[in-house]
Every structure is written in structure tokens, then in C-alpha cells.
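Beneath this line is the structure, given in C-alpha cells, with notes to follow.
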Amino acid sequence: MIELDGVAKTFDGGVSALQDVSFSVPTGSICALLGHNGAGKTTTIGILSTLLMPTAGRAVVAGHDVVREPDRVRASIGVTGQDASVDIMLTGRENLVLFGRLRGLRRKQARIRADELIEQFDMTHAADRTVLTYSGGMRRRIDIAASLVVPPAVLFLDEPTTGLDPRSRRDVWALVSSLSAQDVTVLLTTQYLEEADVLSDSVVILNAGRVVADGTAEELKSRTGFVYCQVSPVDPADLSGIAAALADFRGLEVDRDMNTVSVPADRGVATLGEVFRRLDDRNIDLTDIALRRPSLDEVFLHLTEPPVTA
């Protein structure tokens, strides 16, 4: 449904935003596009939504080339940017009717579609209030609903939960997950790695305008090749003793806030057994000892470099 092959983008002044970017997103799946600020995520969305022209390479959305068939691409997509695009002085219902009319629906069709989306997005209680009175989460929901007035084949969500509280963020997650069940292909950019882990069928990581990794979240975690043995003592005062007992493990980390000590488990279960034996010899009581794989946050930090600052 989305295909990029060697896409590059250079802005005036020779600033290179994207270099040889290639990846694909199957129909009805959710792909998370990750990267530091300035890595090229929004530029990629701009090219795929025909707002920017690629300098090189080819991009296809819903079977249409973004350069040669921009009108067909636009008819196939919905876009929700980082800032809500709805009119805050109109009600939620009025906004949806307006977007329907702008997308070519007749007045009656636009009203019917607005009613369907209001019910689907659980906005009946607020549909006839001005958007100015909405919370951040409610504005985001009506904004996403507006991009679905004419059901798109592909939906681009550019950091849709930035600034939302945890409850509102999870509400948006539920909405995004439901789109996949409707065969809508979603390309999602986000700064929240947990969000990508929960929602995505695939992950693409950009660094300095290049793809440095792609695959499922679990594949990327496995690809990094490191596993930790993590222990938590009953008495936090034992953290220092645990650190002393495991001092010869390179990469030992003590997290006093989380009451844990972690060491790389290069030998898997054998490492766990060695850690347990040493702590048992010191009569240190534990609430937990386990092997764990890295989080997507750790994978991201492992695969990317900090952005260059002036």
C-alpha cells in the first residue's frame, strides 16, 4: 500500500533531509516511523502526502506514484498533522460536515457521515459543543475523525498524541488500532516508543535521513543481540552489596529509583544462575530475578546517534 524506493530530499541550500530511503507498508497494517527530531519523519510524510516533491527515488501510495499521479494519491489518503486542523469556533459536528463538503459529499451525505463518525468516536456527548471547549484528547479525536470523513486507503498520523495525558493517549491508541481492522493502512510518526511498541505491525527507524533499521518491534529487539539479567532486592539497602558482588560484569547498571541492578546476560540462563549463586552466597533476599530483552526505547538508542547540535 505504501512503497518507497531510494527516496531522497534535498532542500534549498543543499540541506539533505532524506537519503536513499526505502521501505514498504502492507495493506491494513500500522507502521511506526521513528527517529530523533530532524531525522526526516515529517519530510517523509510530506512526500507521501504530495506536499513535498522528492529530489530522487520513487514513492507509491495506494498504487499511485506521488509525482506522476498526485491527484489520485490525495483522493486515497487522510492526513492528521501534529497540530489539530479543525476550526475551534465550530462544533465537532459542524467541523465534520465542513470536511465532508470539502471532500465532495453532498450536504445530506456529509451530515450522515458526520453522525456516523461522532458515534464511532464516542463523541455524541460533545458533538454540538464548540471545539474550543474540548480537551486535548477530544480535539485529537475529532481531528482524526475529520481525516476519515471520506474513508481513506492510507492514513498518515504525524505525532498524533503529542501533549496528551496518558488516558487521552490510550484513547487515541484504541482508535488507531480500530482503523487497522477496517483495512486502513496507517503510517504513524511518534516520539513515544511505547506507543510504537503497542500499536505497530512494523517499525522503521530513521537516523539523519537514512533508514537504519526496519522490521517488527520484536525483530528489532532480537536483532540488537543483548539480554539483561535484572535483580530487585527485598531491602533497597542491599543494592550496594549486589553491585559489589557483580562488579566484574561489564555493563553493570544500578537503578536506585527502580530498586534494580542489571548486568548483560551474554550466556542467558547460565548468567542468571551465576548471579543467583553469588547473591545467595551473600544471603541477599530478592523480590525478583529475571532475564529481560531490551525495550524498544533501548533499541532506538542503540541504533541511533544523538542529533548534532550547533
Next item on the list: Taking the Cα centre of region 1-106 as origin, sum charge times position over the Cβ atoms of Lys and Arg (+1) and Asp and Glu (-1), and report the length of that vector in debye to the nearest 20.
Entry: 340 debye
Note to self: Semi-axes of the equivalent ellipsoid for region 104-198, please: Cα gyration tensor eigenvalues, times 5, square-rooted, ordered largest first, whole Å.
What the structure shows: 23, 17, 10
Margin query: Quick check on packing: order 55-62, 99-106, 249-256 by the mean number of other C-beta atoms within 10 Å, highest mean leading.
Written below: 55-62, 99-106, 249-256
Check: Relative to the present Cα-Cα distance, how much length would full extension add between VAL269 and LEU132 at 0.36 nm per residue of separation?
Finding: 43.7 nm
Next item on the list: Mind running the shape call on region 13-86? Use the C-alpha gyration tensor, a ≥ b ≥ c as the square roots of the eigenvalues: rounded below 1.5 for a/c, prolate if a/b tops b/c, oblate otherwise.
Entry: rounded
Notebook entry, point to check: For the charge dipole of region 2-222, defined by +1 on Lys and Arg C-beta atoms and -1 on Asp and Glu C-beta atoms about the Cα centroid, which residue among VAL204, LEU48, PRO151 has the Cα displaced farthest towards the positive pole?
Noted result: PRO151
Margin query: On a full-extension model of 0.36 nm per residue, what is the gain between GLU194 and ASP83, subtracting their alpha-carbon distance, rounded to one decimal in nm?
Written below: 37.8 nm
Check: Once you put a point 7 Å from the Cα of THR224 and another 7 Å from the Cα of LYS108, both along the Cβ direction, what distance in nm separates them?
Finding: 5.7 nm
Note to self: Taking 45 Å as R0, compute the FRET efficiency from the Cβ-Cβ separation of ARG277 and ASP183 and round it to 0.05.
What the structure shows: 0.25
Check: Rounded to the nearest 500, what is the chain's calculated 222 nm mean residue ellipticity when only DSSP H runs of at least 4 contribute -39500 (n - 2.57) each, over all residues?
Finding: -10500 deg cm²/dmol
Notebook entry, point to check: How would you order 34-40, 200-206, 171-177 from highest to lowest mean count of nearby Cβ atoms within 10 Å?
Noted result: 200-206, 34-40, 171-177
Margin query: Using Cα-Cα distances under 8 Å and only pairs 6 or more residues apart, what relative contact order does the chain have, in percent?
Written below: 20 percent
Check: By how many nm would the segment from VAL234 to GLU119 grow when fully extended, if each residue of separation counts as 0.36 nm and the alpha-carbon distance is taken off?
Finding: 36.5 nm
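Read-outs: derived from the displayed coordinates by stated rules, not from any lab. Remember, it's a predicted structure, so these values are computed and weren't measured experimentally. So basically every Cβ, Gly included, is an ideal-geometry build from the backbone, and we count neighbours across all protein chains shown.
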